[in-house]
Amino acid sequence: AITAGFFYHTARLTRGGYRTVKHQQPVFIHPNSCLFSEQPRWLLYHELVFTTKEFMRQVIEIESSWLLEVAPHYYQAKELEDTSGRKMPKKVGKSRDELG
C-alpha cells in the first residue's frame, strides 16, 4: 500500500551510492534512520531534506518488482532491472534476504 502511494519516491543503491530511479539524482539515507548502516538495494522515501546533502527521510526497503506492479504507467521494466546479480563493492548493499 505504501509503495502504491509513494511510487515516485524511490531510490536504488548503485556503486556510487543511492540515486533516485527516475532522475538519477544522488541522495543519501538520513543518519538518524535505522536503515543508515544497513544499505538495502531499493528504498522508498517520504521526503527529501536538503542540508549539507540531499537526505531521504522516513525510508522503507522495497522490492523493484513492486514498482512495476503498482505503477506500470510510470516505470518501464528496463529502469527496474534487478542488479543483485551484478557485482557490488564488498560490504555494500544488502539484499532483502540478507536483511532478514
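Derivation of every value follows stated rules applied to the coordinates shown; laboratory data play no part. These numbers come from a predicted model, not from an experiment. Note that we place each Cβ from the backbone using ideal geometry, even for glycine, and neighbour counts take in every protein chain shown.
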Quick one: net charge of Phe28's neighbours, Cβ under 12 Å, K/R +1, D/E -1? +2
For the pair Gln24 and Ala1, what calculated FRET efficiency results from E = 1/(1 + (r/R0)^6), where r is the Cβ-Cβ distance and R0 = 30 Å, to the nearest 0.05? 0.65
